C-alpha cells in the first residue's frame, strides 16, 4: 500500500523556535513563566504562621535549614478573583 503524498510547499528552511514555560495556578488564574527565568520549583513545605506579618506573607518555612518568609501570590497581587462564569 502506498503512503499518501505529502505537501512540502509550506515548509521553510527556518528552524522551529520553541519556548518552554512553567505553568502555575493562583486560585482560578493560570500563569506561565518562561522556564529560563525559573531558578527552582519546590514541593509544598510546612508553613508556620506568625503574628505581625505583612498580609501577603503566610508565614515562615524552613528552606535548606534557614527560615524564609512564604509569600502567597494571591495576596501579593491583591487578588480577589470572582468565580469563572
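Here are some notes:
- Any hit, region 24-35, residues being modelled with pLDDT of 70 or more, in a loop (DSSP other than H, G, I, E, B) and in contact with a strand residue (DSSP E or B) (Cβ under 9 Å, 6 or more places away or on another chain): no
- For region 36-57, the set of residues classified as at pLDDT 85 or above, closer than 25 Å to residue 21 by Cβ and touching a strand residue (DSSP E or B) at 6+ places or on another chain (Cβ under 6 Å) consists of 38, 45, listed by residue number.
The values are calculated or read from the model by the stated rules, or taken from the named source; none is laboratory data. All values reported here derive from a predicted model rather than from experimental measurement. Every residue, glycine among them, receives a Cβ derived from its backbone with ideal geometry; neighbour counts consider all protein chains shown.
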